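Input: a single structure, listed below in structure tokens.
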Amino acid sequence: MFIQTLAAAATDAAPQNKFGFVEALQAGGFISYATVVILGIMSFGSFFILFTKFFEQQKILGQYKSIAGFWRAASLKEGATKLEKNSAWRQVVDDGIAADEQVSKMDATEAHDWLHGSLARSEATINAKLAGGLPFLATVGATAPFIGLFGTVVGIYRALIAIGLAGSASIDKVAGPVGEALIMTALGLLVAVPAVLAYNYLQSRNKRVAELLTGFSTDVLANLASKGVVKPALPAAPAAKPAAPAAAAPVKK
């Protein structure tokens, strides 16, 4: 009983932390809560776009491995069946075949321009889809520090009011508002930096996909214009493994 009394007395005597994160938000009121909520939404959206776009890019790059098998087919229509349905590469081939079916109504110059424009339009559609969400990352990276700065300004303003009311800059009067201001600054940077890194990373991968799409589209155009004669150089197909020799039949005595 005596020990419990001493523990309770020590707990009561311990100083309470009035300058924690939750306490700073409570002191800041609506503006602090609104700033944290906005930054939280930005952070969640940034990571959501990062992961979804990464897996989307990874899927397209993985599908590119089947291009060699596509070019070994006798025709584009036959090769299209070797590509994954609804993939970016299948879309380019299907758009090229659809455009080639219309060239008989045009002269040679118009037919080439039509094929080239159709494939370029197909590329642009795929690249635009891959770029979806990146403007949000760029916006977060550019505006999150200023949103945090807004919370910082409000916190400094509250600290100045506390100094004016107290008549002196005592630490207990300004610690809360100044701490709130620093927290808002840190949160703004914490949200902005990952968004900028994610934007640059995804943008570099999009450029790689765009390069592969451009090369593939050019090869498809050359194949269509030459009526299937021109094809890109392909690595030699892997040689088939020799069959294992059959086991000799036992000799009957």
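Filter the stretch 60-77 down to the residues that are farther than 16 Å from residue 222 by Cα and touching a helix residue (DSSP H, G or I) at 6+ places or on another chain (Cβ under 9 Å) and list them by number.
Within the stretch 60-77, 60, 61, 63, 64, 66, 69 meet the criteria.
Residues are listed down the side, and each one gets a yes or a no for (1) farther than 30 Å from residue 197 by Cβ; (2) in contact with a Leu (Cβ under 6 Å, 6 or more places away or on another chain):
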| position | (1), (2) |
| --- | --- |
| 84 | yes, no |
| 90 | yes, yes |
| 103 | yes, no |
| 106 | yes, no |
| 109 | yes, no |
| 128 | no, no |
| 131 | no, no |
| 148 | no, yes |
| 153 | no, no |
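I'd like to check which helices (runs of 4 or more DSSP H) are fully inside the stretch 35-117 and have at least 1 residues that are among the aliphatic types (A, V, I, L, M), closer than 27 Å to residue 208 by Cβ and modelled with pLDDT of 90 or more. If you could, list the steps in order and put the result at the bottom.
On the way: elements: 67-71, 76-80, 88-100.
The helices (runs of 4 or more DSSP H) meeting that bar are 88-100.
Give the residues of the stretch 132-156 that are modelled with pLDDT of 90 or more and among the aliphatic types (A, V, I, L, M), sorted by residue number.
134, 137, 138, 140, 142, 144
Just name the residue that is surrounded by the fewest Cβ atoms within 10 Å (Cβ to Cβ) out of those in the stretch 118-133 that are assigned to a helix (DSSP H, G or I) and touching a helix residue (DSSP H, G or I) at 6+ places or on another chain (Cβ under 6 Å). Break it down into steps so the answer makes sense when it comes.
So in the stretch 118-133, the residues assigned to a helix (DSSP H, G or I) come out as 118-130.
From what is left, the residues that are touching a helix residue (DSSP H, G or I) at 6+ places or on another chain (Cβ under 6 Å) are 118-119, 122-123, 126-127, 130.
Working: 118: 22, 119: 23, 122: 22, 123: 19, 126: 20, 127: 16, 130: 21.
Going through the qualifying residues, I end up with 127.
Looking only at the stretch 197-217, count how many residues are touching a residue at least 24 places away in the same chain (Cβ under 8 Å) and either touching a strand residue (DSSP E or B) at 6+ places or on another chain (Cβ under 7 Å) or under 27 Å from residue 233 (Cα atoms) (or both).
Matching residues across the stretch 197-217 total 10.
The values are calculated or read from the model by the stated rules, or taken from the named source; none is laboratory data. All values derive from a computational prediction rather than experimental measurement. Here the Cβ is made from the backbone with ideal geometry for all residues, glycine too, and neighbour counts use every protein chain on show.
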